[in-house]
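What follows is calculated from the coordinates using simple rules that are stated; it is not laboratory data. Worth saying up front: this structure is predicted, and the values here are computed from it rather than measured. Don't worry about glycine lacking a Cβ; one is built from the backbone with ideal geometry, like all the others, and counts go over all protein chains shown.
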2 protein chains.
Amino acid sequence: MSVNLPPMGELYPVPGVRLASCGAAIKSADRDDVALLVFTPGTALAGVFTQSGFRAPPVDLAEQRIAAGKVRALLINSGNANAATGIEGLEDAQHLCAQAASALGLEDEAVAPFSTGVIGERLPVEKIAGAIDTCAGQLDPDSWAAVAGAIMTTDTAPKALSEVVEIDGVQVTITGIAKGSGMIKPDMATMLAYLCCDAAVTASCLQQMVRAVADASFNRITIDGDTSTNDSFVLAATGVAGNVLVDDVCSPAYQILQESLVRVAQLLAQSVVRDGEGATKFVTVAVSGGASEAECLQVAYTVAESPLVKTALFASDPNWGRFCMAIGRAGLVDLDQSRVSVFLDKLCIVQQGRQHPDYQEADGASVMANDELTIRIELGRGEACAEVWTSDLSYEYVRINAEYRT
Amino acid sequence: MSVNLPPMGELYPVPGVRLASCGAAIKSADRDDVALLVFTPGTALAGVFTQSGFRAPPVDLAEQRIAAGKVRALLINSGNANAATGIEGLEDAQHLCAQAASALGLEDEAVAPFSTGVIGERLPVEKIAGAIDTCAGQLDPDSWAAVAGAIMTTDTAPKALSEVVEIDGVQVTITGIAKGSGMIKPDMATMLAYLCCDAAVTASCLQQMVRAVADASFNRITIDGDTSTNDSFVLAATGVAGNVLVDDVCSPAYQILQESLVRVAQLLAQSVVRDGEGATKFVTVAVSGGASEAECLQVAYTVAESPLVKTALFASDPNWGRFCMAIGRAGLVDLDQSRVSVFLDKLCIVQQGRQHPDYQEADGASVMANDELTIRIELGRGEACAEVWTSDLSYEYVRINAEYRT
């Protein structure tokens, strides 16, 4: 089940990046679940990481090592999040990074670890160690599709995308991968996404860029409002393309590169929603007329995460009273409901806080019957706006999360 | 579907209160959906009302009139919330209050209106006006059960309770009614609850008491995290019992009365959860060791409203990683996960932020199989504690809210 999930198009190798995946039978024996990404010397890396108070040990390690500026390889496993595993979980992650470092001829601190899957179980260290050696012997520039598959958990399909953009007359290649598919309300990042490009960018510029890209993409999605313990989003720039080093966030080159990365990241983030657990609809909640972007997001997330809104979406029922209910509970101070309008796509349902005089239920039902739609909310109290992407709440969401241990 | 919902016991008349209900065919022709409660002169009233920014017009009117100290009657309808209805909705409520006032020989401002049901539709004023006249002609002290039934929406059973308490040697009777059953995360009150007693209490004492009682009961429940546009909780004290007027919040009489009211309100609030939409479990989330009650509530509500926790409860799956995930995303600053413990009833699952060495999955599964259980979380950062009551997320919740317009 997924909503118009685009198939992976052609994935371009990113000069300066080699990668590989293989199976360690962490949760299932018939799929790849360990991946290695290795970068050429001089690659700049930046990341954003979950703000969860129950962060998994590998997240701390990856954040520290990337911040230290020495990372040359990413070690990723699915099937086990290595979360809520205490000091032993940290030692497991350190041990496996050392194993990868040894196989690649790097310092231990040059490997950053990432895990996704069930929370609370120790990693099967021996199995993963074997898989690391296999991966290290199979690195090549063309394994993006296989790696996108290896990092999946309950995703029904891999999410990956490439784009080419020109900076200062030089072609830069961007390829990104991401995985979803429940426990999705990234808080500063999403559950594992990696964007690599071959542009030359300073580490400080890249750190600003990764935050801006996350805020425009992975930090704008919610499936169930539940934030993972392992969210990590990493941006790598190998510098192989030969462009003039991007070292100024105000430069045209910075802007062009960031716009291009935002585009790729938004499509990946939207793919995560399209493939959200049990999703039958892809819904944009767009809020405008707010006093600040923060309050627009507050309203958008409250509407997007309301179980009553989500079940109405699943039922294709234009039960617009529930939109008003959710707007009302979003915590905005001094909201004047008589200035609020609500639209389904272009159809005005609520005007001045009550049903538009021309609104016909059949028109609302017709928009709600679509598998993609926009709930547009105009607050009438300012100029700010924001939008988030979400899915509905179906029987299938309950089934997936009641029947399977994720 | 409901979880050990206690049957209504004997309901005692409250001296000074007469009431009646009848059918106006607002949503269905075969049930009562309009009720009147009329108080003897001198009755003190106090209320708490939803903080929703999309408050229904009758809520504003009821709050103003109760605050003005002149209310002698409550007019309640189910089947239509008169919410998101703008100035016309306010006029409808005023008109119906005037109708009731005329039938009862009162000033217009002596009637406070309450509505619950579908949002966004105008009230069927003519039908309700007729029902008001019928109710006014049938007032008696014994109609509590009928009125508890008349205020229901998707509730499967009425919620009502009586208790007798002695204050200064005088017997005081308390009878309360409430209705749920979706869109339940009261913010300052729940979707319609009324507690009446015959104690003599000053209006200012009663106003403090209603807040304290709400905070200990209806403000501690959540079914789906969605807050209604119409939540109202009213406390009436008719003064007929003959006790010495309670006019000091520090007096023993005040304390005794409040404790008794809290007990009744908690049982009613818990009944709302037991009859929550699609509920198959009644779950207490008890958080201790917090730096403040506020942060304990923050954690308790995040766990109680997490869709992944709720689906695990539905599945009776001791998937404790999801509890950690939810604790982690509750937004506590500087949470030290290595100090966190989690218990299912008395079974310690998580100690020092990871699985307890003696924990066996079968033991967790055995507790989760019960239809009532407590998730106990110890944060290890202070002395504060708080608990909330909630239900699980079942197929039935999705069915009710996808198939029916509420």
* Where does each of B:324-331, A:370-377, A:321-328 land if you order them by average Cβ count within 10 Å, highest first? -> A:321-328, B:324-331, A:370-377
* **For the protein assembly as shown, with +1 on Lys and Arg beta carbons and -1 on Asp and Glu, the positive-most of A:LEU313, B:CYS196, A:PHE39 along the dipole** => A:LEU313
* Only bridges with both residues in segment B:250-392 count here: give the DSSP antiparallel percent, nearest 5. => 70 percent
* Structure fact -> Pseudo-spin-label distance A:ALA291 to B:ASP30, built 7 Å along Cα→Cβ, given in nm, is 5.1 nm
* Asked: If you put a point 7 Å past Cα along the Cβ direction, how far is that point for B:ASP215 from the same point in each other copy, in nm, smallest first?
  -> 3.6
* Structure fact -> Partner shielding of A:48-57, as the mean number of partner chain Cβ atoms within 10 Å, equals 5
* Across peptide A:342-351, what mean number of C-beta atoms from other chains lies inside 10 Å of a residue's C-beta? -> 1
* How large is the helix-only mean residue ellipticity at 222 nm for chain A, computed as the sum of -39500 (n - 2.57) over DSSP H runs with n ≥ 4, divided by its residue count, in deg cm²/dmol to the nearest 500? -> -10000 deg cm²/dmol
* To do: Return the percentage of antiparallel bridges among DSSP beta bridges fully within segment B:1-137, rounded to the nearest 5 %.
  => 60 percent
* To do: First measure r as the distance between the Cβ atoms of B:ASP60 and A:GLN255, then evaluate 1/(1 + (r/R0)^6) with R0 = 56 Å and state the FRET efficiency to the nearest 0.05.
  => 0.70
* State which entries of B:LYS27/B:LYS127; A:LYS281/B:LYS310; B:LYS179/B:LYS346; B:LYS159/B:LYS185; A:LYS281/A:LYS346 exceed 20 angstrom in Cα-Cα distance in the structure shown. => A:LYS281/B:LYS310; B:LYS179/B:LYS346
* For segment A:20-139, what is the charge dipole size about the Cα centre, in debye to the nearest 20, if Lys and Arg each add +1 at the Cβ and Asp and Glu each add -1 at the Cβ? -> 260 debye
* Restricting the count to DSSP beta bridges whose residues both fall in segment A:17-274, what percent are antiparallel, rounded to a multiple of 5? -> 70 percent
* Structure fact -> Rounded to a whole number, the mean other protein chain Cβ count within 10 angstrom for residues of A:117-126 is 3
